[in-house]
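**Student:** Here you go, one structure.
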Amino acid sequence: MKNYWRRLLNKFIDSEENIPEGIPVSDFKHAKAFRKFKISLKQLLKEIIFILCGIFAAAFGLESFLLPNHFIDGGATGIALLSSGIFDLPLYWLILIINIPFVILGYNIVGKQFAVKTGLAILTLALVIAKIHFPEVTNDKLLVAVFGGFFLGAGIGFSVRGGAVIDGTEVLAIYLSRKFGVTIGDIIIIINVLIFSLAAWLLSIEAALYSLITYFAASKTLDFVVEGIEEYIAVNIISIKSEEIRMMILDKLRRGVTIYKGERGVKHLEGKDDIDIIYTVITRLELNKLNTEISKIDSNAFVVMTPVKDTKGGMIKRRPLH
């Protein structure tokens, strides 16, 4: 077993460092490669856990809420649910068949690794639905719509966090947006309008309306899972009192800052034209406090705020008190 892991590590070193086979490797490169290997392995395990959580959450939402009550969602899952209700076909076969073209498309426009993970995730979802039977929770239509969407959206969100999708509509939207020059959001809306219009015609208007609630619950849960609990805001601050503002952010908000060296657009006859631009990332809940403190220091400060989807590294968490 020890020799197996050593051979695996040597292959990893050769692939990372582009070292020809048979050439001896130094201890330093072994240590460096082992560190990279541990990071890659840890990331892989994290992705597997996310994808498995997503699969079971989605399967629970489908079997315990949506499928027994003939509700649908948007995207490929919605097409599978609609087809299952109309033609009385097994849902797991429909999920596999409908998503096969999206997996192939994902291989062509995203990459091999994404396609493999997505294909395995969809296959596992189909197997879980076929082999594990979750109990029906409720017949209340509103609860079914809300919580069915919640668990399905959480399942899709966890899968996205793991680097895969269990609903291939997003892949199709990416492809069509590149081909026709429209936004991904617009394409997803058009696809879902067609699905829900078909549901209203084939099932009933009431079922389509409840399914819309399911879709909104799923999409909001998906955003919540992918983007996290805290919404981050990136703030750029331009002020002649940049040093005081910098110390305020460090001491009162206990956030990290980055200083850009800038130059005034309007040239001054007196004084320096150079100016420090402060960049920091805070949560939305801290935004009001930041604006208040900036106004106390410099009411004429120019502040630019932009939303941030995700963050990694740096002083994102609050700095400890001294």
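The values are calculated or read from the model by the stated rules, or taken from the named source; none is laboratory data. Fair warning: this is a prediction, and the values are worked out from it, not measured in the lab. As a convention, Cβ positions derive from the backbone with ideal geometry for all residues, glycine included, and neighbour counts pool all protein chains shown. In case anyone asks, the SASA skips ligands and DNA or RNA and just uses the protein heavy atoms, side chains included. Shrake-Rupley method; radii C 1.70, N 1.55, O 1.52, S 1.80 Å.
**Student:** Could you check segment 195-209 and list, in sequence order, the residues that are open to solvent by less than 60 Å² (accessible area, probe 1.4 Å) and in a helix (DSSP H, G or I)?
**Tutor:** Correct list: Ile195, Phe196, Ala199, Ala200, Ala207, Ala208.
**Student:** Against the condition modelled with pLDDT under 90, within 26 Å of Phe102 (Cβ to Cβ), in a helix (DSSP H, G or I) and among the polar types (S, T, N, Q), how does Ser15 come out, does it pass?
**Tutor:** no
**Student:** Same structure again: Give me the residue from segment 41-85 that is polar (S, T, N, Q) and in contact (Cβ under 8 Å) with a residue 12 or more places away in the chain and, out of that set, farthest from Leu96 (Cα to Cα).
**Tutor:** Asn69
**Student:** Here are some conditions: (1) within 18 Å of Ile213 (Cβ to Cβ); (2) open to solvent by less than 80 Å² (accessible area, probe 1.4 Å). Val137 meets all but one. Which one does it not meet?
**Tutor:** Tallying (1) within 18 Å of Ile213 (Cβ to Cβ); (2) open to solvent by less than 80 Å² (accessible area, probe 1.4 Å), Val137 fails exactly one: (2).
**Student:** Could I ask something else about it? Determine whether segment 90-97 contains at least one residue that is assigned to a helix (DSSP H, G or I), within 18 Å of Leu67 (Cα to Cα), in contact (Cβ under 8 Å) with a residue 12 or more places away in the chain and within 22 Å of the chain's Cα centre (by Cα).
**Tutor:** Checked segment 90-97: at least one residue is assigned to a helix (DSSP H, G or I), within 18 Å of Leu67 (Cα to Cα), in contact (Cβ under 8 Å) with a residue 12 or more places away in the chain and within 22 Å of the chain's Cα centre (by Cα).
**Student:** Identify, by number, the condition in (1) more than 18 Å from Ala76 (Cα to Cα); (2) under 21 Å from the mean Cα position of the chain (by Cα); (3) open to solvent by 30 Å² or more (accessible area, probe 1.4 Å) that Phe114 doesn't meet.
**Tutor:** (1)
**Student:** Okay, moving on. What residue, of Lys289, Lys296, is in contact with a strand residue (DSSP E or B) (Cβ under 9 Å, 6 or more places away or on another chain), modelled with pLDDT under 90, in a helix (DSSP H, G or I) and closer than 19 Å to Ser242 by Cβ?
**Tutor:** Lys289 is the lone residue from the list that is in contact with a strand residue (DSSP E or B) (Cβ under 9 Å, 6 or more places away or on another chain), modelled with pLDDT under 90, in a helix (DSSP H, G or I) and closer than 19 Å to Ser242 by Cβ.
**Student:** Check off (1) under 30 Å from Ile156 (Cβ atoms); (2) touching a Gly at 6+ places or on another chain (Cβ under 8 Å); (3) open to solvent by 40 Å² or more (accessible area, probe 1.4 Å) for Asp276 and give me the number that stays unchecked.
**Tutor:** Of the numbered conditions (1) under 30 Å from Ile156 (Cβ atoms); (2) touching a Gly at 6+ places or on another chain (Cβ under 8 Å); (3) open to solvent by 40 Å² or more (accessible area, probe 1.4 Å), the odd one out for Asp276 is (1).
**Student:** Restricted to segment 59-80, and to residues that are over 14 Å from Glu136 (Cα atoms) and of a type in the set (A, V, I, L, M, F, W, C), which residue is surrounded by the most Cβ atoms within 10 Å (Cβ to Cβ)?
**Tutor:** Filtering segment 59-80 for residues that are over 14 Å from Glu136 (Cα atoms) and of a type in the set (A, V, I, L, M, F, W, C), the one surrounded by the most Cβ atoms within 10 Å (Cβ to Cβ) comes out as Ile72.
**Student:** For residues that are among the hydrophobic types (A, V, I, L, M, F, W, C) and either part of a loop (DSSP other than H, G, I, E, B) or in contact with a Leu (Cβ under 8 Å, 6 or more places away or on another chain) (or both), scanning just segment 218-249, find the one that is farthest from Glu263 (Cα to Cα).
**Tutor:** Ala218
**Student:** Looking at Phe158, is it in contact (Cβ under 8 Å) with a residue 40 or more places away in the chain, under 15 Å from Ile72 (Cβ atoms) and open to solvent by 60 Å² or more (accessible area, probe 1.4 Å)?
**Tutor:** It is false that Phe158 is in contact (Cβ under 8 Å) with a residue 40 or more places away in the chain, under 15 Å from Ile72 (Cβ atoms) and open to solvent by 60 Å² or more (accessible area, probe 1.4 Å).
**Student:** Filter segment 189-244 for residues that are among the hydroxyl-bearing types (Ser, Thr, Tyr) and in contact with a Phe, Trp or Tyr (Cβ under 8 Å, 6 or more places away or on another chain) and give the result.
**Tutor:** Correct list: Tyr210, Ser211, Thr214, Tyr215, Thr221, Ser239.
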